[in-house]
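Please read the structure below before turning to the comments.
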Amino acid sequence: MKKIDFNKPAKELAKDLIGKVICYNGKKYMITVTEAYPFDEGKDAKGKEISYVNKYKKGSKGHDALVGEDKIGDGFVYAGMLHIACKGGYRDGETEYKCDNVLIRGGVCVDDNNELQIVDNRLSFENGKPYKLCCTLLKIPKDFCDIAESIIKDFQSFDKKYINQTKRINVDSNNEYRYYLDLNELKGNN
């Protein structure tokens, strides 16, 4: 299996994580839906910062988990959802390095024979249910913070033409930074 490169901007890593597998508590879920949150994206249509690193103040988990180049490749749970810190940069002449991050929105259960078990399409495709995946199914604790490669492994690759791109959920922005695997492509590979 090849190693996953977490040192990429969120828009690239979010696509690359489609088809990879989260292994935790003896369970495996193939990632089918992600969202990218670039550190320098700016504000939404209502004037609110979009990126967690800019939305929250120093000392808050959403900010501190994404500050410093040493955070690249870290996985952390924020608001009951699994995020991966990745390559970002410096914003507006600031001296603080700010990471992009990728939200893992949905996945498909993988059984002991590495077969995909499509049980709940609402969890798996296009929208996903990130809290349910992280806290209910995988039972990743809310204080989880570790190197992402400790739980995310290479599993399956899909041609980028089968990865759809659209607007993120609950983000008032025209940026199409949500990525999901076409259900028909997945069924064709199964």
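Structural remarks
- Pairs with Cβ under 7 Å, 6+ apart, first in region 36-47 and over 27 Å from E69 (Cβ atoms) and in contact (Cβ under 8 Å) with a residue 40 or more places away in the chain, second among the polar types (S, T, N, Q) and open to solvent by less than 80 Å² (accessible area, probe 1.4 Å): A45/S173
- Within region 49-66, residues that are small (G, A, S) sit with their Cβ atoms under 9 Å from residues that are surrounded by fewer than 16 Cβ atoms within 10 Å (Cβ to Cβ) and part of a helix (DSSP H, G or I), at 6+ positions apart or across chains, in these pairs: G62/K55.
- In region 148-164, the residues that are more than 14 Å from the chain's Cα centre (by Cα) and not aromatic (F, W, Y): S150, D154, Q156, S157, D159, K160, K161, I163, N164
- Being at negative phi and either of a type in the set (S, T, N, Q) or over 17 Å from the mean Cα position of the chain (by Cα) (or both) holds for only one residue in K61, K87, K43, K71, and it is K43.
- Selection status of N113, over 13 Å from the mean Cα position of the chain (by Cα) and farther than 21 Å from K139 by Cβ: yes
The values are calculated or read from the model by the stated rules, or taken from the named source; none is laboratory data. This is a predicted model, so every value here is computed, not measured. All Cβ positions, even for glycine, are placed from backbone atoms using ideal geometry, and neighbour counts span all protein chains on display. Please note that ligands, DNA and RNA were not included when accessible areas were found on the heavy atoms of the full protein model with its side chains. Shrake-Rupley method; radii C 1.70, N 1.55, O 1.52, S 1.80 Å.
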